[in-house]
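Only the coordinates and a few stated rules stand behind these numbers; no lab work does. Being a predicted model, the structure only gives us computed values, none of them experimental. In this analysis, Cβ positions are derived from the backbone assuming ideal geometry, glycine residues included, and neighbour counts consider all displayed protein chains.
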Ligand code: URA
């Protein structure tokens, strides 16, 4: 087999056979197919696409490029959730302890934030001492002890994805549905799960801004995941404004704790419960989504979900007292209110500029190697549909330094909000379920 022939065939719109795709992925790791040939192939795939059989073969080969974790020694159906990412998207820290408290083991391997979107690992690391870099033995142990484990991608899990994602990032070949499908599913299916709930975001702050693209990605991931023998459910959800009211890292952890205490914003609570309910049904502990919802709410009201969060924090080296005392989380030194320019109704609180503002303040990273500041971010006091008086704060910017970055963040925030005469119809957060 010669890589150049396979690249040429794909370039001309032909298809690759599963053994050819397996050979290419093995060649990536062994060095037999060098990076320059893979980048040409990635560009050919971006233009020509892949059919379902090719995408499934790519996903399976990437999944098997490392260890496919065996969790059979842990009883119960293991279920995870993946979100395509957004601003203020922190449901993992709420639904994972809820599902675990309801009897569904949740082995969760998450990512870091990039650009205007946040990442679960960065939020977790704002908890003093919390370690996301467990090895596979630690991963299994914490899952067995707590029913939930929250780590970052290890070098053993889907190493081909790590290599390919870096190549795609540097060659403008990220935006391809078969490549995104294989990238996301190869990592998730290597975790040792039986089922997966997908939260595919659409709107201004989402990776897939257009609903049609989000639907196509959701359909592709459902088809390929099911083809590989996993139970998959996808919700398509709106990301036009931030989810909840906190954007950053420590502030988002605090908001999650409040939801687990039975407080917290309705939109964040409702989406977290909707996703957790799907996990309970896939996990076989509830017969219907209605029954699952009741179990989820009960785990909040009886304190068991919050207790799970406390336990997993402690098991992963973090300070469990944060759950009872939010002042132990990092705090910013500078608070700057952003007043409404007029009286009226908020008609827009766009997620993308608010996410960019948080990144500029230091809550996120422009490049994968950048460091972050866990204390900074944005706290929204008003969201779409809320009434506001002239001069009343729309949000508070949480910063640690004056200077050009804060000025640029404030300019982003100013472009994010619109206040009009109303009334405003706030559409349902969940657009579809596949
Ligand atoms: N997230 C991933 O993990 N992979 C992609 O290709 C895109 C988003």
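Miscellaneous remarks
- Extension gain, residue 174 to residue 2: 0.36 nm times the residue separation minus the Cα-Cα distance gives 59.4 nm.
- Relative exposure of 32, 67, judged by other C-beta atoms within 10 Å (fewest first): 32, 67
- Cα-only Debye scattering, the chain: base-10 log of I(q)/I(0) at q = 0.09, 0.14 Å⁻¹: -0.56, -1.31
- Applying Stokes-Einstein at 10 °C and 1.306 mPa s to the Kirkwood radius of segment 274-322, computed over alpha-carbon pairs, gives a translational diffusion coefficient of 136 µm² s⁻¹.
- q = 0.30, 0.31 Å⁻¹, segment 302-355: log10 I(q)/I(0) [Debye, one scatterer per Cα]: -1.21, -1.25
- FRET efficiency, residue 74 to residue 219 (Cβ-Cβ, R0 30 Å, nearest 0.05): 0.45
- Expressed as a fraction of 2.2 N^0.38 Å, the C-alpha radius of gyration for segment 209-315 is 1.21.
- Equivalent ellipsoid, segment 1-55 (semi-axes from 5 times Cα gyration tensor eigenvalues, Å): 17, 12, 9
- Label-to-label distance, nm, for residues given as residue 47 and residue 9 (7 Å Cα→Cβ offset): 1.8
- Alpha-carbon centroids, segment 83-154 and segment 240-269: separation in whole Å: 16
- Amide N proximity, segment 341-371 versus residue 35 label position 7 Å along Cα-to-Cβ, cut-off under 16 Å: 368-369
- Diffusion coefficient (Stokes-Einstein, Kirkwood radius over C-alpha pairs, 20 °C, 1.002 mPa s) for segment 337-410: 164 µm²/s, rounded to a whole number.
- By other beta-carbon atoms within 10 Å, ranking 297, 309, 207 with the fewest at the front produces 297, 207, 309.
- The alpha-carbon positions of segment 224-273 define a convex hull whose volume is 119 Å³ per residue.
- What the Kirkwood sum gives for segment 283-434 is a hydrodynamic radius of 18.5 Å, with every pair of different alpha carbons counted.
- Taking other Cβ atoms within 10 Å as a rough exposure proxy, 39, 84 sort from fewest to most as 39, 84.
- Spacing of the modelled spin labels on residue 291 and residue 367, each 7 Å from Cα toward Cβ, amounts to 5.4 nm.
- Note on residue 135 and residue 319: the model spin-label points, each 7 Å out from Cα along the C-beta direction, lie 2.9 nm apart.
- Size descriptor for segment 107-187, Kirkwood hydrodynamic radius: 14.0 Å (Cα pairs only, one decimal).
- Stretched out straight at 0.36 nm per residue, the stretch from residue 211 to residue 421 would grow longer than its current Cα-Cα span by 72.9 nm.
- Crossing angle, helix 159-170 versus the chain [Cα axis fit, 0-90 degrees, rounded to tens]: 70
- Geometric extent, Cα atoms of segment 95-245 - Rg, Dmax (angstrom): 15.8, 44
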